[in-house]
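My questions will all concern the structure given below.
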Amino acid sequence: MGTTAETAAETVAELVQARWGDHRPGLKYEDRLLTAHQLTARAAARAALLADLLPPRAEPHVGVLLDNVPEYPVWLAAAALAGATVVGINPTRRGPELARDITHTDCGLLITERAHLPLLRGLDLGIPRERVLVVDDPGYAALLAPYADARPGEARLSPVGPGTRFLLSFTSGSTGAPKAAICSQGRLAAAGRSLVTYFGLGPDDVHYICMPMFHGNAVLADWAPALVSGAAVALRRTFSASGFLPDVRAFGATYFTYVGRAVQYLLATPERPDDRDHPLRTGFGTEAGAVDAARFTARFGVRLVEGYGSSEGGAALQRSPDAPPGAIGRAAPGADLAVVDPETGEERPRAVLDRSGRLLNGDAAIGELVNRGRSPFEGYWRNPAAEAARTRGGWYWTGDLFFRDPQGFFHFAGRTDDRLRVDSENLAAAMIENILADYPPVASAAVYAVPDPVAGDQVMAALALRAGAAFAPEDFAAFLAARPDLGTKMAPRFVRIPAAMPVTATNKIHRAALRRDGFRCPDPVWWSPPDTGRCGTAYRRLDGEDVARLLTHYREQGRDDLLGR
């Protein structure tokens, strides 16, 4: 573990300053190696630059639109030293939605790279050109040169304490616009300490960060514990399944984090006799799925630990060695988590499971996970309505469905609203519907989640067509490809063409019925199979054999009970 000063630190700034004079490895990237001291010196220089560039009385918010390159953790450290806030900008966002992320969070400075400049072209960001810094532009080094001798702690925008706002991390909801969850320096430092203790991490470990750093998983669960323990981090610009083991071996990585399909992609690589020849010990993440987690351990000899938590920090579950397959874990000691009826708040009964672990009383046992005790949730940036909805009645409402087994373990069961979680990205149905509504043959569109066979959700759309129109799969795929505002994970996997959209008694689209039917419905369904490439590039009619193969896949992963019938 780290030194006493590091583990006792209450702020990220203190953790960064503790690495000054530490000449052990701090960062590994491709063929480059920086010591912890060199990283801290670079952070100090950028903190001084930041103090000069941000206008007086402006919010000290720094937007970071970068892949996982060395400048990302350096700017995290710089913001901590200066008392600034990092806004992680998601490069899969497009057009007005990307601009909204930057302007809503009042970014006064934007850090990016040449590869992402096309995303910004034509957008009104409200940031002067001189405050858009391109880290691989020749002028960037010249801009930093006057600050080369800066020391950590010399340049601060305001006093730094545990409550200093440090991160704004976007999380999507059913209302469409993503919400920016606040994380303070104190909460991030505490998260790092907790994981160091739980996993026994130390200064000789190497944390492999292959998940995008705009995502809370990489910063809270990978970068922060490395900072606490004095370990080095190793970066991969973007995740690569084929490059994973070569990286692990080259960097000497011992710990990594993952979200969503990363584990599936790794399992899909060809097996080799040296799959266990590496130093990796532990992986920590979410949504691998119990079956694939076991397969990963059997093949690579690496323990995967599934957890539950969010960038909001309102509730968390801890996995223990005695957790049954499919369970996320139990509440931390002293936490008061419960599964309740979303309407009444009454606690749901425990699950009834058969010998194979199949849920028999889902209608009664499944409810929303709430935290009825003290919550570390620190709010959303300029969104009081969303805060109030999240904390109504003095409880923290996660928006996630769970059930609790007789032993008290919590099992994830889906989402409470029209959110979708696709490959670990939260998407809002309304945003996708607005795009599909522009497709000329469409009279109305409804977007909803169907369970992914392994983890999370897949996007399904019901398209009611205009009179006389017919669904043309090639034309629809071309429409999707031409939309600059369609994010990389928004394309529907399944497209249902109903004769008429099902509606409720109040003439609203009957989304519950659509979700219940899923892809097994009486209407024609077209789908974009995984073997056709990126979702949405090609569609073909879903037939009986396709459905049978899909159902087999769900059963093999133990998720067929989530299909609803």
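Laboratory data are not the source of any read-out in this text; all were calculated from the coordinates shown. Owing to the predicted nature of the structure, the values given are computational and were not obtained by experimental measurement. Note that we place each Cβ from the backbone using ideal geometry, even for glycine, and neighbour counts take in every protein chain shown.
Can you tell me which of 543-549, 430-436, 80-86 comes out highest on packing, and rank the rest after it, using the mean Cβ neighbours within 10 Å? Show your work: numbers first, answer last.
On the way: 543-549: 10.6, 430-436: 19.3, 80-86: 27.6.
Taking the mean over residues of other Cβ atoms within 10 Å, the ranking is 80-86, 430-436, 543-549.
Based on the mean of other Cβ atoms within 10 Å per residue, sort peptides 238-247, 10-19 so the most packed one is first. Please list the in-between numbers first.
Numbers: 238-247: 15.7, 10-19: 23.6.
Per-residue mean Cβ counts within 10 Å order the peptides as 10-19, 238-247.
Whose amide H sits under 5 Å from the amide H of L66, counting only residues 5 or more places off or on another chain, with H placed in the peptide plane?
HN-HN under 5 Å from L66: I89.
Continuing with this model, one more query. Using +1 at the Cβ of each Lys and Arg and -1 at the Cβ of each Asp and Glu in the chain, identify which of P502, A290, L227 lies farthest towards the dipole's positive end.
P502
If we sort 467-478, 26-37, 202-213, 489-500 on the protection proxy, mean other Cβ atoms within 10 Å, highest first, what's the order?
Values: 467-478: 12.7, 26-37: 17.1, 202-213: 21.8, 489-500: 20.1.
With the highest mean Cβ count within 10 Å placed first, the list reads 202-213, 489-500, 26-37, 467-478.
What are the residues whose amide H is under 5 Å from the amide H of K179, where those residues sit 5 or more places off or on another chain and H is modelled from the backbone?
So K179 has HN proximity to T171, S172, G173.
Here is a follow-up. Using Cα positions and a limit of under 27 Å, work out the lysines in reach of K508, with same-chain residues fewer than 8 apart set aside.
K179, K489
Which entry is the computed Rg and Dmax of the Cα atoms in Å for this structure: (i) 26.6, 92; (ii) 22.0, 65; (iii) 23.8, 73?
Checking each listed value against the structure points to (iii).
Tell me, what HN-Hα J-couplings in whole Hz come from the Karplus equation 6.51 cos²θ - 1.76 cosθ + 1.60 at θ = phi - 60° for each residue of segment 145-155, using x for Gly and Pro?
Once θ is set to phi - 60°, the couplings for segment 145-155 become 3, x, 9, 4, 9, 5, 10, x, x, 7, 10 Hz.
Treat every Asp and Glu Cβ in the chain as -1 and every Lys and Arg Cβ as +1, leave all other atoms uncharged, and give the resulting dipole magnitude about the Cα centre to the nearest 20 debye.
Numbers: 62 positive and 65 negative charges, 58 e Å.
Value, rounded to 20: 280 debye.
Could you give the angle, 0 to 90 degrees to the nearest 10, between helix 290-300's Cα long axis and the longest principal axis of the Cα atoms of the chain?
That works out to roughly 50 degrees.
If you don't mind, another one. With a/c under 1.5 counting as rounded, go ahead and sort segment 458-565 into rounded, prolate or oblate using the C-alpha gyration tensor (a ≥ b ≥ c being the square roots of the eigenvalues; past the cut-off, prolate if a/b is larger than b/c, else oblate).
Working: a/c = 1.62, a/b = 1.06, b/c = 1.53.
Note, shape of segment 458-565 comes out oblate.
For segment 259-325 and segment 145-162, write down the distance between their C-alpha centroids in whole Å.
Between the Cα centre of segment 259-325 and that of segment 145-162, the gap is 39 Å.
Across segment 121-126, in residue order, what do the Karplus-derived ³J(HN,Hα) couplings come to in whole Hz, using 6.51 cos²θ - 1.76 cosθ + 1.60 with θ = phi - 60° and x for Gly and Pro?
4, x, 8, 8, 9, x
May I pose another question? For segment 284-401, with the dipole built from +1 on Lys and Arg beta-carbon atoms and -1 on Asp and Glu ones, taken about the Cα centre, which of G379, A331, A389 lies farthest toward the positive end?
Toward the positive end, the furthest listed residue is A331.
For the chain, take the longest principal axis of its alpha carbons; what is the angle in degrees between that and the long axis of helix 544-556, to the nearest 10 within 0 to 90?
Here the helix axis deviates by roughly 50 degrees.
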